[in-house]
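Structure, as structure tokens:
The values are calculated or read from the model by the stated rules, or taken from the named source; none is laboratory data. The structure displayed is predicted, hence computed values, not measured ones. We place every Cβ from the backbone using ideal geometry, glycine too, and count neighbours over all the protein chains shown. Keep in mind that these areas ignore ligands, DNA and RNA; they rest on the heavy atoms of the full protein, side chains included. Shrake-Rupley method; radii C 1.70, N 1.55, O 1.52, S 1.80 Å.
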Amino acid sequence: MTPPLVMIGLTAATMIEDTSSYGLVEDAAIVVVDGHIEWVGPATALPANYSEYEHKSYGARLVTPALIDCHTHIVHGGNRAREFEMRLNGASYEQIARAGGGIVSTVAATRGASEAELLAAALPRVDALIAQGVATLEVKSGYGLDRDTELKMLRVARALGQQRPVRVMTSFLGAHAVPSGMDADRYIDTVCLPTLKAAHAEGLVDAVDGFCEGIAFDTVQIARVFDTARALGLPVKLHAEQLSHIGGTALAAAYSAMSADHVEYATPADAAALAVAGTVAVLLPGAFYTIHETQAPPVQAFRDHGIAMAVGTDWNPGSSPLGSVLLAMNMACTLFRMTPAEALAGTTRNAARALGLSDCGRIAPGMRADLAIWNVRDPAELSYGIGINPLHARIFGGSA
Ligand code: DI6
Ligand code: FE
């Protein structure tokens, strides 16, 4: 049990549900008891019974919920810097593929890495996120595309949460790409679905994801994955409408997915379907930026339908080698015209929702005491700075 603590000298961006903005409390006090928030409000209103607790002042800094990165692929072997270089020297997609580049190179590197090697490669990525105030992150499989490697990736993802003070949520992304030389339907039926069942039996799966795209799997194939997820009692989410419109968003909504991710090519009708389903739209500007996408997601339609928008890094070696949640927030504002308040909601309250979590992402009584304290006063500064990390301290489950 951690000793009770009264945090004072703070401007709190509580991000509570019933505000369209930051839910700011000036000169706030936060009472943390046993890893959870017991009270938050103006210091002048602090109940007298808390006066005996230890008080710690934070010098008029900003406190927010600790950040949540709700979409990452940080467990993977190798990197794709060489193909990045080749591309910028004029190499074509075909030349890069012939040189062994692209997603297949990451699959080969991930298959070839031991569990210990994958863990050693992923830990510095987790540390980089923690250093920016992240307390919860999601990690996907999907670079194995065979049973052993998918399970290995998920075990490494679980190990990250045991080796570092961070909460890791896992997503099974067996339906990420079709392994070379294999038919997509056969892959789903003979590899992906049996692997999902095995991973679930090992307790390795918190959610089931898929890549619904012309270059990956169609809606009928993803529906088979979602049917299996449903039979196992697992929630679903989906990479949908990233590069083209093929119906993934409507499918995600039909399965009451926790989130539909990317959604650049989603339509106003898709937005209406997401609203009915209560599905979060996860926006991933790092991939948009990296692949020079020009179609931005329909942010105004999402607003008009009252859809919760989250923001993630999509940290992966191909389309989004982005290791910064703060930079993702900046990009969401500049590239997608989200407001800084929306961007912060996107990496706190709405990111929690995208992961099915109701105990983090807001500063309110009963929530986990996962907090980030910043060397800024105005919460807009978190999205405004480019490549700047103003974190002062992170509190995870009540512990510094
Ligand atoms: N969407 C993407 O942009 C990546 N995967 C996905 O589902 C690409 C992954 C890679 O290139 O390694
Ligand atoms: Fe992704």
task: Looking at the chain, send over the antiparallel percent of its DSSP beta bridges, to the nearest 5.
output: 40
- request: Just report the Cα centroid separation between the stretch 12-89 and the stretch 220-282, whole Å.
  value: 28
- prompt: For the stretch 279-363, what is the relative contact order in percent, using Cα pairs closer than 8 Å and at least 6 residues apart in sequence?
  reply: 32
Sequence-separation-based contact order of the stretch 48-115, relative, with Cα cut under 8 Å and 6+ spacing, percent: 36
statement: Given GluC sites (Glu not before Pro), DSSP loops and at most 16 other Cβ atoms within 10 Å, the longest exposed-site-free stretch of the chain is 203-400
field: Alpha-carbon Rg/Rh ratio, for the stretch 212-253, with Rh computed the Kirkwood way
entry: 0.97
message: Give me the 1.4 Å probe accessible area per residue for the stretch 310-355, excluding ligands and nucleic acids, in Å².
response: 23
Surface accessible to a 1.4 Å probe, per residue, for the residues of the stretch 162-261, Å²: 36
task: May I ask you to work out the translational diffusion coefficient for the chain at 10 °C, viscosity 1.306 mPa s, via Stokes-Einstein with Rh from the Kirkwood sum over Cα pairs, reported in whole µm²/s?
output: 74
task: Would you mind getting me the FRET efficiency between Ala400 and Arg230? Use the beta-carbon distance for r and R0 = 41 Å, nearest 0.05.
output: 0.50
query: By a straight-distance test (C-alpha under 29 Å), which lysines pair with Lys237 as possible cross-link partners, with residues fewer than eight away in the same chain excluded?
result: Lys140, Lys152, Lys197
- request: Would you mind telling me the share, in percent, of accessible area of the chain contributed by carbon and sulfur at probe 1.4 angstrom?
  value: 54
- prompt: Mind checking the log10 I(q)/I(0) for the stretch 353-400 at q = 0.16, 0.22, 0.24, 0.27 Å⁻¹? Debye, one equal scatterer per Cα, no solvent, two decimals.
  reply: -0.57, -0.91, -0.97, -1.02
- prompt: For the chain, what is the charge dipole size about the Cα centre, in debye to the nearest 20, if Lys and Arg each add +1 at the Cβ and Asp and Glu each add -1 at the Cβ?
  reply: 500
- prompt: How large, in Å, is the stretch 1-124 by the Kirkwood hydrodynamic radius built from its alpha-carbon pairs?
  reply: 19.0
message: Taking 0.36 nm per residue of sequence separation and subtracting the Cα-Cα distance, how much length would be gained by fully extending the chain between Ala45 and Glu26, in nm to one decimal?
response: 5.7 nm
- request: Note the per residue figure in Å³ for the convex hull of the C-alpha positions in the stretch 295-400.
  value: 125
query: Counting alpha carbon pairs within less than 8 Å and at least 6 residues apart, what relative contact order, in whole percent, applies to the chain?
result: 19
- prompt: Which value, in Å², gives the accessible area per residue of the stretch 53-102 when a 1.4 Å probe is used on the protein heavy atoms?
  reply: 51
field: Rg(Cα)/(2.2 N^0.38 Å) for the stretch 24-85, N = residue count
entry: 1.91
task: Kindly provide the Kirkwood hydrodynamic radius of the stretch 204-323 in Å, to one decimal, from all pairs of distinct alpha carbon atoms.
output: 14.2
field: Magnitude of the charge dipole, the stretch 154-235, Cβ model with Lys/Arg +1 and Asp/Glu -1, debye to 20
entry: 460
message: Projecting each Cα onto the charge dipole of the chain (Lys/Arg +1, Asp/Glu -1 at the beta carbon, about the Cα centre), which of Ile68, Val126, Leu173 comes out farthest on the positive side?
response: Val126
task: Note down, for the stretch 85-217, the three equivalent ellipsoid semi-axes (square root of 5 times each alpha carbon gyration tensor eigenvalue), biggest first, whole angstrom.
output: 25, 21, 13
query: Mind checking the dipole of the stretch 19-73: about its Cα centre, +1 per Lys or Arg Cβ, -1 per Asp or Glu Cβ, Debye to the nearest 20?
result: 160
